[in-house]
Structure formats: structure tokens, C-alpha cells
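Comments concern the structure below.
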Amino acid sequence: MNPEAIVGWVVVFVLLAVTVAGLARRFSWSAPVLLVAIGAGISFIPGVPTVQLEPEFVLYGVVPALLFAAAFGTSVVDVRARRDPIVQLSVGLVVFTVITVGWVTHLLLPTIGLAAAFAFAAVVSPTDASAVTAIAGRLKLPRRVVTVLEGESLLNDATALVLLNTGIASIVSVTSPGHVAADLALAIVGGVGVGLAVGWLMATIRSRLRAPVLDTSLTLITPYFAFIAADAIHGSGVLAVVTSALYLGFRSPEVQSAEARVAEAVNWRTASFLIENAVFLFIGLNTAAIVRGAATELTGWGTVGVCAAVIGTLFSARFAFIFAMVGIFKHGTKYMRTQDLRWKNATIISAANVRGVITLAAAFLLPPETPGRSLLQLMAFVVVVISLFTGLLLPRLVTLLNLAPPDDMREHSAWEELMAQAQARGLERLEVEVTDRDHARVVDQLRVNATLITDSILLETDQNEKLLMTYQRLRQVMIRAERQYVISARRQHLFPESVVAAALRSIDIEELSLRAAPVLDEIERSPRSDWGERMPRRRGRSGPKRSRSEGVDR
């Protein structure tokens with residue numbers, strides 16, 4: 001394919017991805033399902049070429065970026081608070097799934113051998129981080145559920161890929177349980193160690209950079225650097241990427257400028273959007289080729305029956321393991337009871353059984369000498385597609401279970417309290433720094449701005465809109481008018497273009513700062529914290545001094 005054709009197809013893909021995503025958001029459809037369906041339909045059109053990607057490209061080029069984007073915005077504090085269920089799901093559930101699905105696959109397809117059956121089970125065992133994060137954010141699930149789902153989907157990939165490598169080694173050679181244990185230990189220690197080292201190195205370098213362009217350039221190579229470095233010492237590249245992303249995400253307020261953090265967030269959201277949609281479209285475009293290849297292995301209802309049995313076992317194993325874990329936690333020690341997920345939360349976690357990019361990449365990693373390779377790849381593709389469709393049922397399940405959504409008012413009040421305390425510290429610093437030479441009007445204005453949130457808390461009534469919300473609403477109206485005037489001045493050539501651009505930049509920055517404040521509709525889109533039943537009363541003073549864990553469900 002010539003360069004012009006490649007560029008043309010890229011343009012078509014981006015337009016298709018944006019159109020499908022826009023329609024999906026407007027009509028509350030699933031964009032991944034639509035892209036898979038569109039790709040599958042195109043794949044059966046005569047004359048359409050088969051789209052093929054090297055599995056190494058998917059593993060080294062696609063997976064690190066997606067994992068980094070998903071992990072970077074995940075709260076380290078929340079993951080640590082839910083570490084027990086997350087570890088059990090990301091390690092224990094994956095091992096249990098590989099054993100059960102592998103055994104069933106071997107019973108149904110004895111000719112492929114036990115090693116290939118377990119390798120296939122490792123392929124389909126991990127949930128997809130990007131899909132789970134999208135589902136969790138869209139459904140407004142309880143914070144505890146969101147944290148467990150995101151943590152599991154980020155870490156179970158490492159376990160699955162280690163077990164897959166073991167299965168592949170068993171296909172091409174002979175291995176032993178001791179060798180498997182050693183590989184797993186090396187993957188975990190090496191992956192986490194490299195991830196921390198890369199995270200620390202990048203944080204140290206970026207803390208000395210002042211240009212956002214340079215900072216952003218470094219962050220784009222970080223996941224690949226971590227993945228390749230860990231893979232070089234036979235550690236888990238997946239764990240290295242996730243660890244470095246969690247570390248840098250936690251340290252970013254300390255080592256990056258505000259402009260760099262905003263640019264980084266936008267860049268990773270854009271990259272994640274394009275890569276995810278490309279993968280789902282690729283899944284659909286390969287449907288016809290996989291079906292034709294699998295037809296030589298098994299035909300007719302035999303294929304349907306095997307796929308149905310494997311999917312049923314995969315889903316049943318997840319439900320069985322999670323509810324067994326809930327029972328153990330519920331009747332265990334006092335500490336274990338604090339980690340209890342409760343049956344409604346466990347039901348949602350069990351049903352969030354979505355597969356995606358890792359399963360796709362892992363399916364292509366099966367070596368050519370794998371018995372029944374085309375059939376196993378078809379089954380993996382079917383698992384991904386069916387799991388995407390089951391994800392469509394989650395909103396109904398959430399409604400049926402009547403799960404309590406995050407308390408937006410409570411979070412908004414908590415945000416106000418934290419900002420009031422922070423601004424009180426800023427006022428203290430202002431009184432230290434101010435001198436007689438400073439203009440009194442400037443100092444007075446700074447004091448007024450710094451006490452707006454505190455006054456909003458103190459003067460809040462049930463009848464009147466909060467001061468802060470009034471300020472945000474009216475200031476946004478003023479900003480729109482200011483922007484319209486600057487644009488009008490540009491059209492009339494009243495000011496040099498450099499002056500107009502600088503004015504628009506200033507207006508944009510203030511608008512971004514207003515939108516950063518969690519007005520209620522914005523809070524609903526950010527499922528990142530985990531508030532418990534207790535919430536501290538808002539204090540009438542703006543001073544700090546509050547226990548870090550007070551009111552937070554850990």
C-alpha cells in the first residue's frame with residue numbers, strides 16, 4: 001500500500017471513530033460494539049483486503065500506551081485501600097480462570113493438548129482496563145466498586161501474560177511447576193522494580209523541565225521505556241507500565257507545572273481514544289479471516305457449541321470465585337470483614353466481565369505450531385465480542401440492584417472544605433509576604449478571592465444558590481462575552497494578532513480554572529474517590545487540622 005493510501009485510510013478511520021463515538025454518546029450506545037459490528041460487516045464485503053498486524057506490534061506498541069493512560073488517572077490511595085480484593089481478583093481469579101477454562105477447553109478439544117488449552121485460557125482470562133474504566137465512569141458506580149474494577153483490570157494482565165508465556169513454553173518445549181513459579185516471581189519483582197525505577201527517573205528529570213513540550217515528549221515515551229526495560233530482564237512489562245504510571249500520576253502535582261499536567265491529560269485521553277477505537281475496529285475487520293481459518297478446524301454447530309461452553313465456563317468461573325471470596329471475607333477475621341464487598345457490589349464486579357485489547361494481542365501471540373491455532377483465535381475473538389455485548393446489560397443490572405450512586409453533594413461539600421483550608425493557608429502566606437509597598441487594592445482583592453469558598457460555606461442556605469456557584473455561573477457568562485469581543489476585535493483588525501492570541505489564551509485559562517471546580521454535573525464524570533457512610537460536618541472556620549482518614553471509607 002502506497003503512502004497516500006495509508007494516509008487516506010488513517011483519515012477515514014479517525015472520521016469513523018469520531019462519528020461512531022459521537023453517535024454512541026448521543027444515543028447511549030456502546031461505541032466498541034458499534035465499531036466491532038461495522039468492522040465485521042466490512043470484512044465480509046468481497047474485495048476488502050485483510051488487515052493484519054504483527055502481534056509484537058500490538059503487544060509493544062498498543063498495550064503500553066493504553067495501560068499507561070488508564071493507570072495514570074487511577075488513585076494510588078484508593079488502590080492501596082482496596083489492595084486485598086484487587087490482588088485476589090488480579091492473581092487468584094486469573095489462576096482459577098486458567099485452570100477451569102483450560103480444563104473445559106481440553107475436554108471439548110482433546111486434540112489440541114493440555115498446554116494449548118491452558119494457553120488459550122490465559123488469553124481470555126484478563127479483563128480490559130480501558131473498557132472497564134469507561135463502563136465504571138458511565139454508570140456512576142459506587143467508589144469502592146470502581147476502585148476494585150480498575151485495579152483488577154490493570155494488574156490481571158500481568159498474571160495472564162506470565163501464564164500465557166508458560167503455556168507457550170509448554171507447547172514448544174518442556175517446563176516444570178518450579179520453573180513456572182520462578183518465572184512468576186521474576187515477572188512480579190522485575191516488573192514492579194523497573195516500574196518504580198522508571199517512574200522515579202522520569203519524575204526527577206521532569207521536575208527540572210520548565211517547557212511543557214519537553215515534559216509531554218517524555219511522558220509519551222515513558223510506557224514504552226518501562227515495558228521494554230522490564231522485558232529485557234524477563235520482568236513483566238505490563239506491571240512496569242502500570243507501576244510507573246501510578247507513581248508518576250501520584251507525583252505529578254509535585255514535579256509538573258499546571259500547564260504540563262493539563263497538556264498531558266489531554267494528550268493521553270486523545271491517544272487512548274484513537275488506539276482503543278482502532279483496536280475494536282481491527283477486531284471486526286478480522287472477523288471474516290478468522291472465521292474462514294477456523295472453518296478448517298471445526299465446522300457448523302460444533303464451533304458454536306465449543307464457543308458457548310467456553311464462554312459459559314468463563315463467566316461462571318468469575319461469579320463463583322467472587323462470591324466465594326465474598327463469603328470468606330464476610331465470615332473471616334475482623335480485618336477481612338472490613339474488606340467485604342457485599343453481594344450487590346460483588347454482582348456488579350462479577351458482571352463486569354469485559355475483554356478487549358490484551359485478549360486480542362495475546363491471541364496473536366500463540367505460536368504457529370499451536371494445535372488448532374485458528375480455532376483458538378476465533379474463540380478468543382468471540383469471547384471479546386460477546387463480553388462487549390454483555391457490557392450493554394450492566395446499566396440494567398445496576399438499576400435492578402438499586403445501587404447507590406456516588407453522593408455528589410457530599411463530594412462537593414468535601415471539595416469546598418478542602419479548598420477553604422488550602423486557601424486559608426494561602427492567606428497566611430499572603431500576610432507574611434505583603435509589604436507596605438504593595439498596592440492595598442491588590443491585597444484586598446486577593447483576600448476577597450481567597451475567602452470566597454469559605455464565605456460560600458458559611459452563608460449557604462436552602463433557598464439561595466451558593467456564592468461559589470453564583471460566581472461560576474456569572475463569570476462564565478462574562479467570559480463568553482469577553483471572548484466574543486476579542487474575536488470581533490480580531491475581525492476588525494483593531495489589535496495585532498499576537499495581542500489577540502495572548503488575550504484569548506488568558507480567557508481560555510480562566511475558563512479552564514472555572515470548569516476545574518467540581519460543579520455537580522462535573523463530579524458525576526469523575527469516579528475516583530471512595531466516600532464512606534460517615535462524612536464530617538462542614539466547619540464554620542476555614543482552618544485546617546483534620547484527620548486524613550476522617551470521613552473516608554478505606
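Structure notes:
- Top-ranked residue of segment 1-29 - restricted to ones that are surrounded by 11 or more Cβ atoms within 10 Å (Cβ to Cβ) and β-branched (Val, Ile, Thr), ranked as modelled with the lowest pLDDT: Val10
- Any hit, segment 230-237, residues being outside any helix (DSSP H, G or I), among the β-branched types (Val, Ile, Thr), open to solvent by 60 Å² or more (accessible area, probe 1.4 Å) and touching a residue at least 24 places away in the same chain (Cβ under 8 Å): yes
- Some residue of segment 245-266 being within 20 Å of the chain's Cα centre (by Cα) and not in a helix (DSSP H, G or I): no
- Each residue in segment 351-372 was checked for being hydrophobic (A, V, I, L, M, F, W, C), within 21 Å of Phe321 (Cα to Cα) and out of contact with any Pro (no Cβ under 9 Å at 6 or more places or on another chain), and 2 pass.
- Qualifying residue in segment 176-198 (condition: farther than 24 Å from Arg251 by Cβ and either in contact with a Lys or Arg (Cβ under 9 Å, 6 or more places away or on another chain) or hydroxyl-bearing (Ser, Thr, Tyr) (or both)): yes
- Within segment 352-372, the residues that satisfy the criterion of being over 16 Å from Val33 (Cα atoms), of a type outside the set (A, V, I, L, M) and in a loop (DSSP other than H, G, I, E, B) are Pro367, Pro368, Glu369, Thr370, Pro371, Gly372.
- Criterion: out of contact with any His (no Cβ under 6 Å at 6 or more places or on another chain), of a type in the set (Asp, Glu), closer than 30 Å to Tyr471 by Cα and open to solvent by 70 Å² or more (accessible area, probe 1.4 Å) - qualifying residue of Asp455, Asp444: Asp444
- Note on segment 30-124: enclosed helices (runs of 4 or more DSSP H) holding 3 or more residues that are touching a Phe, Trp or Tyr at 6+ places or on another chain (Cβ under 9 Å) and surrounded by fewer than 22 Cβ atoms within 10 Å (Cβ to Cβ) are 31-43, 94-108.
- Residue count for segment 468-486 satisfying the condition of being modelled with pLDDT of 85 or more, under 34 Å from the mean Cα position of the chain (by Cα) and open to solvent by 70 Å² or more (accessible area, probe 1.4 Å): 2.
- Which listed residue, of Glu497, Glu465, Glu550, is at pLDDT below 50 and not hydrophobic (A, V, I, L, M, F, W, C): Glu550
- Selected residue (criterion: farthest from Gly356 (Cα to Cα)) from residues of segment 386-433 that are of a type in the set (S, T, N, Q) and touching a Leu at 6+ places or on another chain (Cβ under 9 Å): Gln423
- Inclusion of Leu214 among residues that are closer than 21 Å to Pro64 by Cα, out of contact with any Leu (no Cβ under 9 Å at 6 or more places or on another chain) and open to solvent by 40 Å² or more (accessible area, probe 1.4 Å) is warranted.
- Being open to solvent by 10 Å² or more (accessible area, probe 1.4 Å), under 21 Å from Arg318 (Cα atoms) and either among the acidic types (Asp, Glu) or in contact (Cβ under 8 Å) with a residue 40 or more places away in the chain (or both) is true of Leu393.
- Residue count for segment 408-430, restricted to those that are open to solvent by 90 Å² or more (accessible area, probe 1.4 Å) and either within 17 Å of Asp455 (Cβ to Cβ) or at pLDDT 80 or above (or both): 4
- Output for segment 417-429, where each listed residue is of a type in the set (A, V, I, L, M, F, W, C) and out of contact with any helix residue (DSSP H, G or I) (no Cβ under 6 Å at 6 or more places or on another chain): Leu418, Ala422, Ala424
- Sole exception among (1) outside any helix (DSSP H, G or I); (2) touching a residue at least 12 places away in the same chain (Cβ under 8 Å) for Arg208, by number: (2)
- Among (1) more than 25 Å from Val354 (Cβ to Cβ); (2) touching a residue at least 12 places away in the same chain (Cβ under 8 Å) - the single one Ala182 does not satisfy: (2)
- Filtering segment 240-288 to residues that are open to solvent by less than 20 Å² (accessible area, probe 1.4 Å), closer than 30 Å to Leu375 by Cα and either acidic (Asp, Glu) or at pLDDT 85 or above (or both) leaves nothing.
- Scan of segment 349-365 for residues that are modelled with pLDDT of 85 or more and either farther than 18 Å from Ser153 by Cα or open to solvent by 10 Å² or more (accessible area, probe 1.4 Å) (or both), ordered by number: Ala351
The values are calculated or read from the model by the stated rules, or taken from the named source; none is laboratory data. Note that this is a predicted model, so its numbers are computed, not measured. Ideal geometry is used to build each Cβ from the backbone, glycine not excepted, and the neighbour counts take in all protein chains shown. Surface areas here come from the heavy atoms of the whole protein model, side chains and all, with no ligands, DNA or RNA. Shrake-Rupley method; radii C 1.70, N 1.55, O 1.52, S 1.80 Å.
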